[in-house]
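Before any comments, here is the structure.
The values are calculated or read from the model by the stated rules, or taken from the named source; none is laboratory data. Only a predicted model underlies this, so the values are computations on that prediction, with no experimental measurement involved. Neighbour counts run over all protein chains shown; Cβ positions are idealised from the backbone, glycine included.
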């Protein structure tokens, strides 16, 4: 199904348009119209945390939180956070192990933990 678009006209001072076009180029956005749509949605997202423009990470976290909640009882902050922290801790441990095996980081408990491997 093809989306239908409705044209709008906005007027801005030239220096502001120049800033937008520069920012648009920096972000790899190909048109000023698309840049304005993205920025408007980003602004709306600040006021509505159910925006369709959530990052994959935000969507994943939202789903994990929903998985921990039920309709029949309330969960305390600690009861809600513990499984989320455990999940992330396991992922961080897996990533660190992979980075160490690839020679990208060093681990030394006697020196206090982890650091990037000197190249």
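Okay, residues lined up against (1) touching a strand residue (DSSP E or B) at 6+ places or on another chain (Cβ under 8 Å); (2) part of a helix (DSSP H, G or I); (3) modelled with pLDDT under 85:
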| position | (1), (2), (3) |
| --- | --- |
| 12 | no, no, no |
| 15 | no, yes, no |
| 42 | no, yes, yes |
| 45 | no, yes, yes |
| 51 | no, no, yes |
| 67 | no, yes, no |
| 78 | no, yes, yes |
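Annotation note: of 56, 72, the sole residue that is modelled with pLDDT of 85 or more, loosely packed, with under 11 Cβ neighbours inside 10 Å and within 30 Å of residue 89 (Cα to Cα) is 72.
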